[in-house]
Amino acid sequence: MRRAPTSEKALASNMVPVSAYLILAVVLFGIGAVGVLICRNMIVLFMSIELMLNAANLAFIAFSRSLGIADGHVIVFLVLTVAAAEAAVGLAMIVMVYRNRESINIDRFSMLKW
């Protein structure tokens, strides 16, 4: 039975390159952008925004790990707290809109019209 390599050189050769993480981040961000531009459901819109934020977080973490600094981790922590607050406020707004208009389709209402 073969043992796992323990030297730093062997561990570095088994690491996933940063470009793979960045490609995944770009794909996730693209899916989120398409969701924001195409979908008219408010819940899908908020999910797409969250997907875009997570794609940016993945890029921050990938660069932070490759450079060996913790700045990306701190930024991701801040982005996650803002995303959690955005999700709570956004879902509360969706519930209020649904109670008043009985629809969460963006095309069916305009709150700014008198």
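The values are calculated or read from the model by the stated rules, or taken from the named source; none is laboratory data. If you're wondering where the values come from, they're calculated on a predicted model, not measured in any experiment. Cβ: placed from backbone, ideal geometry, glycine included. Neighbour counts: every protein chain shown.
Provide a single number: the residues in the range 44-79 that are part of a helix (DSSP H, G or I) and more than 24 Å from Ile94 (Cβ to Cβ). The qualifying residues number 18. Consider the range 32-43 and keep the residues that are part of a helix (DSSP H, G or I) and touching a helix residue (DSSP H, G or I) at 6+ places or on another chain (Cβ under 6 Å). The one that is nearest to Arg101 (Cα to Cα) is Met42. Looking at the range 95-110, is at least one residue among the hydrophobic types (A, V, I, L, M, F, W, C) and in contact with a Lys or Arg (Cβ under 6 Å, 6 or more places away or on another chain)? Within the range 95-110, one or more residues are among the hydrophobic types (A, V, I, L, M, F, W, C) and in contact with a Lys or Arg (Cβ under 6 Å, 6 or more places away or on another chain).
Please indicate, with yes or no, whether at least one residue in the range 33-41 is touching a strand residue (DSSP E or B) at 6+ places or on another chain (Cβ under 7 Å) and modelled with pLDDT under 90. Within the range 33-41, one or more residues are touching a strand residue (DSSP E or B) at 6+ places or on another chain (Cβ under 7 Å) and modelled with pLDDT under 90. The selection criterion, being surrounded by 16 or more Cβ atoms within 10 Å (Cβ to Cβ) and either more than 14 Å from the chain's Cα centre (by Cα) or at pLDDT 90 or above (or both), does not hold for Val26.
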